[in-house]
Structure formats: structure tokens, C-alpha cells
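Worksheet: the structure to be examined is printed underneath.
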Amino acid sequence: MVGSTTFASTASTGAKLDLSFRYKTHIYNNGSVNGTLKVEYSIDGGSTYQAIQTINLTSVVACSTVSASLPQGTVPAGSDFRLRVAGQWISGDYNVILDDFLIAQSATLAVADAGAKETAIYPNPFKEVIYLDNADAVKSITISDFSGRMVKTVVNVSREIRLPELQRGNYIINIAYKDGSKKQTKLIKD
């Protein structure tokens, strides 16, 4: 057993991230189990990884659940996130089976976002145009769909932003302020 399974996303909201999965070992020919599973994450597209948990595999496991949480701010909003479960074989004749992955994160930030500038976005839901209060404090705006794909960037921000090209649906709007702070919220187009 040598290999890994990786999940990738750029749709992080910066909020607490909960994850879980199940695993079991299966031996062959009266073999034995001797290896590890490393659960790791990256916020830079997989260039570097941080350990979440290492599981020592030393016996047959019928089914076990791994659960972990990454605190708010650990995976910054919009970062190039990776979750990797990597297996390392030491000895024996076995396989590891991974199943039921669940990765969940709330759509908006909570306490850490409270210090961001207040910029009202209205109407929400909108048809073609959104309006921003406090637009002069805004450096740029990016709008992403819920899969994390960026669909619009606005660098010359004004009070009125026209978005006729967006399809009906839910989006995440990220506001970057001139003072370096950020705000993120859900945006709905009717």
C-alpha cells in the first residue's frame, strides 16, 4: 500500500473546516498489516503540507472513522486548499480502503470577520446591478461560484457594479479593502 488520495478546492470561506472519512484494511494470503496513513492539508496548492493526523496501521481494521477540524482562519478564504490522505507501506500483504469523505465549511466567516469594514451590498438577491456603500474604501472585488471558480474581478470599484453576464444562482463575493482587510459574503442573482 503506497499511494494517496487528494481533494482540491479554492472555495474556502476561511471558516472552521470539518472533515471525516472511513477506512478499513484488507489482508491477502494470511498476510499482515504494517504501515501508516497520513492525513495532511495544504493551503498553497500542494507545495507544502501540514500534518493533521498520522494513523499507525498494525492490525486488521474492519471499519474506523477519522474526524478532524481545522479552526477558523487555518484555511484562508480563496486559498488553494488540498486535503491528502497518504498511505505508506512498511511490510505485509494488505490494502487500505478509504470511503465516505465529508468536508464541510460554513459559507461565511464569523467572529474573525467582525473587524472588517462594513460595506452593505444591496439588493441581495439582485437582477443585474449591485450597489456598495463605502465603495471608496474598497480596493477590489472578486466573485466566485460555489465550486470556487472565479467568475468576475472588479478593480475599479464604484458604488454601482453591473453584473449582467452572471447566470442566475448563488455566488461568493470577496471584498478586499485598501487597508488590507477583507470581507466575504453570499450573493444571489435572481
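Read the figures in this text as sums done on the coordinates, not as results from a lab. Just so it is clear, the model here is predicted, and its values are computed rather than measured. Quick reminder, even Gly has a Cβ in these numbers, built from the backbone with ideal geometry, and neighbours come from all protein chains shown.
Scanning the stretch 1-60 for residues that are over 27 Å from D145 (Cβ atoms), among the β-branched types (V, I, T) and either in contact (Cβ under 8 Å) with a residue 40 or more places away in the chain or touching a His at 6+ places or on another chain (Cβ under 9 Å) (or both) returns V2, T25, I27, V33, T36, V39, V60.
For the residues I143, I175, the requirement of being more than 19 Å from S9 (Cβ to Cβ) and either part of a strand (DSSP E or B) or over 18 Å from the mean Cα position of the chain (by Cα) (or both) singles out I175.
Residues in the stretch 160-190 that are in contact with a helix residue (DSSP H, G or I) (Cβ under 9 Å, 6 or more places away or on another chain) and among the basic types (K, R): K178, K182, K183. Take the residues in the stretch 140-150 that are surrounded by 15 or more Cβ atoms within 10 Å (Cβ to Cβ) and not polar (S, T, N, Q), then tell me which one is nearest to F7 (Cα to Cα). Once the filter is applied, the top-ranked residue is G148.
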